[in-house]
Amino acid sequence: LDVARRYSIGQDEIVLANPKVDRWLPGEDTEVLIPSRYIIPDASREGVILNVPEMRLYYFPKAGKDGPAEVVTYPVSVGRMDWATPLGVTRLASKTENPSWRPPKSIRAEAEARGEPLPEIIPPGPDNPLGDHALRLALPGYLLHGTNKPYGVGMRVSHGCLRMYPEDIAELFPEIPVGTRVNIVNQPVKIGWFLDSFYIEVHPPLEEDTVGQQKLIENAMDMVNQAWQARPLVLDAQSLKKALRETSGLPVRIGRAK
């Protein structure tokens, strides 16, 4: 997990990419694969795209007149099954440095039931779950923020908000303007071309989606067929089956241009 944070990789993300490595005791001289190549989700490349099952956001800064188009990507934590992060298009409503946190009644009630009551307001500082930076979305009650528990980044652990590593949100905070479009999507399967090679990237679906393996395969095949109609390709069926079976979150080459 220290390696994951050093390279801005989420916890589940690095575990999926290294299924034979113990996340806590990897062992001396163990090789760890850093999953640092991504297929961009199928959405308009502007503002922020946040893919919930991937637990990763993509930010597209506005290019200058002569500057190249860019994309910056960071891991995030998303809402657990009973506090799911909502999907849809919204915008960044405000930015706050050193925020205070007012826990909603629902969260205070949950904490009370655990025997860990929360105050009405938690001031800025090391005990504040929002960390040092908060980006408030136009969705009431939802924020993109830092955290005082960085090892939870890249897992389904929040009450619907989106957590980032403190150093990642510190980098993003001054760059992203208020009003930026934020598109929250649910895409466990992504496809894309790199030169003449065709790739698929498969992530475990959200638990509440109850998407069985057969349905995942059908959805993937529909996407591959649509891609083939746009650009004929030679498909490697065995590699496709392996990618769908392993759901490693890694881009897998499954074909080439015809």
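The values are calculated or read from the model by the stated rules, or taken from the named source; none is laboratory data. Quick caveat: nothing in here was measured; it's all calculated off a predicted structure. No Cβ is skipped: glycine too gets one built from the backbone with ideal geometry, and neighbour counts run over all protein chains shown. For the accessible areas, the whole protein counts, side chains as well, though only heavy atoms, and no ligand, DNA or RNA atoms are used. Shrake-Rupley method; radii C 1.70, N 1.55, O 1.52, S 1.80 Å.
Say whether the condition of being more than 21 Å from residue 46 (Cα to Cα), open to solvent by 70 Å² or more (accessible area, probe 1.4 Å) and assigned to a helix (DSSP H, G or I) is met by at least one residue in region 171-192. No, because not a single residue in region 171-192 is more than 21 Å from residue 46 (Cα to Cα), open to solvent by 70 Å² or more (accessible area, probe 1.4 Å) and assigned to a helix (DSSP H, G or I). Give the residues of region 194-205 that are open to solvent by 40 Å² or more (accessible area, probe 1.4 Å), without any contact (Cβ under 8 Å) to a residue 60 or more places away in the chain and at negative phi, sorted by residue number. Of everything in region 194-205, just one residue is open to solvent by 40 Å² or more (accessible area, probe 1.4 Å), without any contact (Cβ under 8 Å) to a residue 60 or more places away in the chain and at negative phi, namely 194. Applying the criterion of being without any contact (Cβ under 8 Å) to a residue 12 or more places away in the chain and open to solvent by 90 Å² or more (accessible area, probe 1.4 Å) to the residues of region 206-229, the residue that is nearest to the chain's Cα centre (by Cα) is 210.
For region 13-30, the set of residues classified as part of a helix (DSSP H, G or I) and either open to solvent by less than 50 Å² (accessible area, probe 1.4 Å) or among the basic types (Lys, Arg) (or both) consists of 13, 14, 15, 17, listed by residue number. Within region 37-59, the set of residues being within 15 Å of residue 168 (Cα to Cα), at pLDDT 95 or above and either open to solvent by 10 Å² or more (accessible area, probe 1.4 Å) or among the aromatic types (Phe, Trp, Tyr) (or both) comprises 58, 59. Based on this model, can you work out whether residue 3 counts as in a helix (DSSP H, G or I) and either at positive phi or touching a Lys or Arg at 6+ places or on another chain (Cβ under 7 Å) (or both)? Spelling it out, it is not the case that residue 3 is in a helix (DSSP H, G or I) and either at positive phi or touching a Lys or Arg at 6+ places or on another chain (Cβ under 7 Å) (or both). If only residues of region 81-102 that are open to solvent by less than 60 Å² (accessible area, probe 1.4 Å) and closer than 17 Å to residue 51 by Cβ are counted, the one that is modelled with the lowest pLDDT is 84.
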